[in-house]
Amino acid sequence: MALVNTKWYYASIHPEFARNEVFGYNENAEKLDLTLGDDGLPSDLPIFNEFKSMLLNSKRKFFNLTFDGSLYVYRVFPIFKNLADYIVSVHINNLARHTDMLLDAILDCDKLEQLEFKGVGDLTYGNTTRQQILSLKRIYFEGANLTDFCFNNIMRCAPNLEELGFENCNILIWHQAIRRFYPNYKDSKKKQTFNSLDIFSYVNIVNYLETAKNIKTLRLGNNYHIFLNLPIHIKLVSLELNFKNLCFTRDYAKVGDKLSTMSTLEYLDLIHFPCCVLASCVPKLCNLKRLNAHYFLCGYQDECFSKVLNSLKNKKNLKELMMVSLEDSVPLEIPDCTLEKLTTYIGLTNVFKITRMSQNLTRLKILNGDILTACDYKLIFKNLIGLQKLIIDHCFQLDDNVFSDLPINNLKALNTLHLFHTKLTYQCFKYINNKELRKVWITDVSIEKCIELNDMSDFKNVLKAFSGFVPELTTLNIDILKENRSCQDIEVFSEIPMLISTVYNNFKKMKICSIN
């Protein structure tokens, strides 16, 4: 075993592995009774010190680092100083205040490619000239308390930026309020400098994009004002928009018209919008490789879907399709020629369409599993042999009798299996025998027999046997049937921690186990 571990350690140093490995520190893991020093900060952070020592002693050539919390801030500088040539991404989460010192330390990493701020309460920077990082291609803000001045400071450090994203950042959109700080911003004859320390405005972001030369991806969340004012020269490859907070319905038409001009788009994610927007833009986007659409119905849905579905026939590069209605709807008649070339499909379906799906399909999520019969489940496991990820919702007709007859091991590449709202019992795990599975999540699992016997021993034995069938499993989630959980005062529920311990003891690669 020591020889195996040694070989794996050195193998994991290889760049192909290291680039996908994330090292994270979370202050919540530290003990709560920390002794404070003279500066009012914890004098000893044992977990952070161990984390820092692990990084500094590592032989890896690439590091993706995540820091969560505020305790570490003044002790993090040695990490950036010593590993500056090897850090490729930094993710800062839940930090009360972000200052010049920390930003300068991050910007010393001249190989940095990604920078994320999530839940950063206050970004406070001075007006100093900072070095540029030519390799920095992606910056993302989520729940960050930005100002125009701070945003400009960060953007100047990334002249080759290709991806920019915002989510829940309180971006000011009201013209009357913006005019208080920038009285000339609407006057084309007068130059307006956007550098307020008090607001974060969409016009400043648009002003930055006017001069950005390499932007290919925008994740705008619900900031559709930025999208409507995008400069003409921006040639996007990927776009994410959420219309949930759209203020005026007349803007839907504007969004549709704007989208229809973006012929370079290959990846499009649209959330919470009427199907008429889809009908106005999708037929004109010929280069789409992925279409992710969460829509609600309008008064002309039949006409809209006819346009969209007919246009899919001409999408030669389309590989990923997600069509999710936010209201009750019937399955869309996706053209057979489209289904046959998809690698990912998420949405409503019907039995006939399952037979038309290709063996190239690697990811399938069926939202209306209530229509599936025993024969339909067999078709999925018999025909879709390329599946790597299978998720089925509303499995109201999936019980142990049906499940026991399914050729699950026929899906040789399957690594993720999620079955929601089932009629299964805990005995179902005896029938899952795919050795490549990594993640299993099954809900509404009945343990009625265990309750009757007031004993979980049989469930424990089933899980032990399951570990032999699926030895590579890393994640197991079992949601017990609600009607059974209502009896939690019964003594048998006190044995659930024992079941979880059994899982960890028998599944050698298990990382996450939840039974509730």
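The values are calculated or read from the model by the stated rules, or taken from the named source; none is laboratory data. Just so we're clear, the structure is a prediction, and the values are computed from it rather than from any experiment. As a convention, Cβ positions derive from the backbone with ideal geometry for all residues, glycine included, and neighbour counts pool all protein chains shown.
Things worth noting here:
- Qualifying residue in the range 320-331 (condition: buried (at least 17 other Cβ atoms within 10 Å of the Cβ), of a type in the set (D, E), within 24 Å of the chain's Cα centre (by Cα) and at pLDDT 90 or above): yes
- Residue, farthest from F507 (Cα to Cα), within the range 465-496, restricted to residues that are among the acidic types (D, E) and part of a helix (DSSP H, G or I): E483
- Scan of the range 475-490 for residues that are crowded, with 17+ Cβ neighbours inside 10 Å and of a type in the set (S, T, Y), ordered by number: T475
- Within the range 485-507, the set of residues being under 32 Å from the mean Cα position of the chain (by Cα) and closer than 13 Å to I447 by Cβ comprises R485, I496, L499.
- So M510, is it over 19 Å from V445 (Cα atoms) and either of a type outside the set (G, A, S) or touching a residue at least 40 places away in the same chain (Cβ under 8 Å) (or both): yes
- One residue stands out among those in the range 28-58 that are modelled with pLDDT of 80 or more and charged (D, E, K, R): the one that is nearest to Q114 (Cα to Cα), which is K52.
- The residues on offer are F67, F51, F62, F80, and the sole one that is closer than 30 Å to K213 by Cβ, of a type in the set (F, W, Y) and in contact with a strand residue (DSSP E or B) (Cβ under 6 Å, 6 or more places away or on another chain) is F62.
- Selection status of E491, out of contact with any Ser or Thr (no Cβ under 8 Å at 6 or more places or on another chain) and closer than 21 Å to L379 by Cα: no
- Tallying residues that are surrounded by fewer than 20 Cβ atoms within 10 Å (Cβ to Cβ) and modelled with pLDDT of 85 or more within the range 63-75 yields 3.
- Search result, residues across the range 92-113 that are farther than 22 Å from P159 by Cβ and under 26 Å from the mean Cα position of the chain (by Cα): N93, N94, L95, A96, R97
- Pair list, Cβ < 8 Å and 6+ apart or interchain, from the range 38-60 residues that are closer than 16 Å to V76 by Cβ to residues that are in a helix (DSSP H, G or I) and at pLDDT 85 or above: K52/P78; K52/I79; L55/I79; L56/P78; L56/I79; L56/N82
- Residue within the range 336-344 that is closer than 21 Å to G369 by Cα, out of contact with any Phe, Trp or Tyr (no Cβ under 6 Å at 6 or more places or on another chain) and part of a helix (DSSP H, G or I) present: yes
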